Amino acid sequence: VNKAHAALKETLQQAWDERDADLPLKNKEEMLILASIVEKETGVANERPQVASVFINRLRKGMLLQTDPTVIYALTQGKTDLRRKLTLKDLETDNPYNTYKYAGLPPTPICNPGKAAIMAVAHPDKTPYLYFVASGNGGHNFARTLAEHNDNVRQWRRLNK
């Protein structure tokens, strides 16, 4: 555990020292929190910098992050999987980890992110994307506008019927 913690601290310090200059993050703790969200949002390695870009773009605009893994963490305290689908009522949960309700980053990381997620936050893709939803094939569809996002959501729902 001590070796893993030391490796995380070293990776985080390196990422912070080498990060893109224009990130809207105040410190390396915020970088770690955002990396934990990226880690939970996608297991597709090449998508991590795109996913990070969506959250960076949202933070820059003052938008809510609206990310399901933070709500799941709020409901489970990170101790277990939710073991069911999220509901609209879940999105109303009054908890500081609920990024559908509270602006900015949650108070702490929601998992222990890997190096790839940390580096994706340190160097996110430069994209115009503000939204993403599962594609149905293991990845995500990204969108610039809410209208595009809603089309992607409808497509995802059709695939899941």
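Each residue in the range 1-42 was checked for being of a type in the set (S, T, N, Q), out of contact with any Phe, Trp or Tyr (no Cβ under 9 Å at 6 or more places or on another chain) and at pLDDT below 95, and 1 pass.
The set of residues in the range 131-160 that are closer than 22 Å to Tyr73 by Cβ and either open to solvent by less than 30 Å² (accessible area, probe 1.4 Å) or of a type in the set (Phe, Trp, Tyr) (or both) comprises Tyr131, Phe132, Val133. Taking every residue in the range 26-39 that is farther than 16 Å from Asn57 by Cα and of a type in the set (S, T, N, Q) and pairing it with any residue that is open to solvent by 10 Å² or more (accessible area, probe 1.4 Å) and assigned to a helix (DSSP H, G or I), at least 6 positions away or on another chain, the pairs with Cβ-Cβ distances below 8 Å are Asn27/Trp16. A search for C-beta distances below 6 Å between a residue of the range 86-97 that is of a type in the set (Val, Ile, Thr) and any residue that is modelled with pLDDT of 95 or more, counting only pairs 6+ apart in sequence or on different chains, returns Thr93/Ala74.
Residue check: is Pro128 buried (at least 17 other Cβ atoms within 10 Å of the Cβ) and in contact (Cβ under 8 Å) with a residue 60 or more places away in the chain? In short, no. Going through (1) open to solvent by less than 30 Å² (accessible area, probe 1.4 Å); (2) touching a residue at least 40 places away in the same chain (Cβ under 8 Å); (3) in contact with a Ser or Thr (Cβ under 7 Å, 6 or more places away or on another chain) one by one, Pro69 falls short only on (3). Put simply, of Leu91, Leu75, Leu105 the only residue that is outside any loop (DSSP other than H, G, I, E, B), open to solvent by less than 70 Å² (accessible area, probe 1.4 Å) and under 17 Å from Met63 (Cα atoms) is Leu91. Return yes or no: is Leu59 in contact with a Phe, Trp or Tyr (Cβ under 8 Å, 6 or more places away or on another chain) and in contact (Cβ under 8 Å) with a residue 24 or more places away in the chain? Against the criterion (in contact with a Phe, Trp or Tyr (Cβ under 8 Å, 6 or more places away or on another chain) and in contact (Cβ under 8 Å) with a residue 24 or more places away in the chain), Leu59 does not qualify.
The values are calculated or read from the model by the stated rules, or taken from the named source; none is laboratory data. Model, not experiment: these values are computed from the prediction. Using ideal geometry, Cβ is built from the backbone for each residue, glycine included, and neighbour counts are taken over all protein chains shown. Just the protein is used for accessible areas: all its heavy atoms, side chains included, with ligands, DNA and RNA removed. Shrake-Rupley method; radii C 1.70, N 1.55, O 1.52, S 1.80 Å.
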